1. What whole-number value in cubic angstrom gives the convex hull volume per residue for the C-alpha atoms of the stretch 73-147?
2. Residue farthest toward the positive end of the dipole of the chain, with Cβ of Lys/Arg at +1 and Asp/Glu at -1: which of 85, 353, 205?
3. Report the dimensions of the stretch 317-384 along its three principal axes from the alpha-carbon atoms, largest first, rounded to Å.
4. Could you tell me which of 260, 119, 315 has its Cα farthest along the dipole of the chain towards the positive end, charges placed at Cβ (Lys, Arg +1; Asp, Glu -1), taken about the Cα centre?
5. In whole angstrom, note down how far apart the Cα centers of the stretch 316-377 and the stretch 140-168 are.
6. Please report, in debye to the nearest 20, how large the charge dipole of the chain is about its Cα centre when each Lys and Arg carries +1 at its beta carbon and each Asp and Glu carries -1 there.
7. Find the centroid of the Cα atoms in the stretch 42-70 and in the stretch 240-263, then give the distance between the two in whole Å.
8. Two decimals is fine: what's Rg over Rh for the stretch 256-392, C-alpha atoms, Kirkwood radius as Rh?
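Derivation of every value follows stated rules applied to the coordinates shown; laboratory data play no part. As the structure is a computational prediction, the values presented were derived from the model and not from experiment. Don't worry about glycine lacking a Cβ; one is built from the backbone with ideal geometry, like all the others, and counts go over all protein chains shown.
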Amino acid sequence: MVAQPTSRGAVFRFIHSSDLHLGKPFGRFPEDVRVRLRQARAEALRTLADLARLHNASHILLAGDTFDQMTPAPTVIRQALNAMAAADTVTWVILPGNHDHANATELWRQVARDAPENVTVASRPDPMALNSEVMLLPAPPTERHPGRDLTDWFDTADTGDRVRIGLAHGSIRGFSTSEEGGSSILSPDRARDAGLAYLGLGDWHGQLKITDTTWYSGAPEADGFKHDHAPAALLVEIAGPTAPAIVTPLPTARLEWRTVRLEVTGDPAEGVGGAVDVAAGVDALDRVLPPVVDRENTLLSLRVTGRAHPAARIALEQGIMRTAPDFLWADADLSGLGMVHEVSDLDEIDRQGALRAAADALARDATDEARTPEDRATAEAALSYLFSYAAEQ
Ligand SMILES: [Mn+2]
């Protein structure tokens, strides 16, 4: 659907994004991965600019947490402003968030000093004209957790007969918990109560529609495995003060964070000594993973559940180890994978002697319902280790 202009003027088109978290350190990753993650966030600015040009949008509204810290490295600030300056056909409006709130004095001083003409910081809760027909109502946080609804003033703001667009950062009462663990404070009815054509929100890193006219854009690049939807910015088209906003998600991510679940069955009837599920497990792995060409841009979290024979588990672990280097980063969690084993499996450890006696005892403990689940899991893990050890010999 494309918005038709009214008799009054042109359709107002803008891109709504938030939570770029430029300069985020990603400390839990190895340095080469961190570099790629930070780079992808910096490139998001170019992606947003490209989308604005492609869709004829005049403005890009960033609803907070553009910067990850109150004192980003000078290169982070300068290179962000340079990227915005290069996209000189659009006007950027930066709303402070909670990571980069309005009282992060040094950050905003540097931005004010170096900002090109097409960049504006919405640092005060005052109406701001985007053009002769459209007024922006910004609600910049002045501290990390303001603890009150900063959009209250929208209801009584005088903007004449201009289109009213709200921009805020925080969590909505009754819909979302804050990404930062703060309280939910923004009214879900603000757009209606304040006569807004659109209310653009930041804080929640996944994309979320609250009402037809109130949206979280979500971050243009994911920063974890939490959100299911592909990251996207929002193209918003408004044909006039009373026309409904038309909102279109546009994909933005260069890197993919992918959770893959693999359920393995180890039915003893399938074969002797796990002969069948060895192949089945490794085949299944190949089926559930993304195509090889996509893997270098993918962070993978593999969750294996079900039950497998020892040989199948080992084959699966080897399969995972062989595949992992395809990915930008990969993590496999096999803690949910139980073990099935028979006498023939235990024979792989040893037919007799101390090792076999230990294996028999662990096998008993692992299935002993009188023991706690933790004890059974510990026995199973130890038995699994014995099988791996035996397989290497
Ligand atoms: Mn954020």
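1. Values: hull volume 6.6 nm³, N = 75.
Considering the Cα atoms of the stretch 73-147, their hull volume per residue is 87 Å³.
2. Sorting the options by dipole projection puts first 85.
3. Dimensions of the stretch 317-384 along the principal axes of its Cα atoms: 43, 28, 17 Å.
4. The listed residue farthest towards the positive side: 119.
5. Cα centroid of the stretch 316-377 versus Cα centroid of the stretch 140-168: 57 Å apart.
6. Numbers: 37 positive and 56 negative charges, 284 e Å.
Dipole of the chain, to the nearest 20 debye: 1360 debye.
7. Between the Cα centre of the stretch 42-70 and that of the stretch 240-263, the gap is 14 Å.
8. The Rg/Rh ratio comes out at 1.01.
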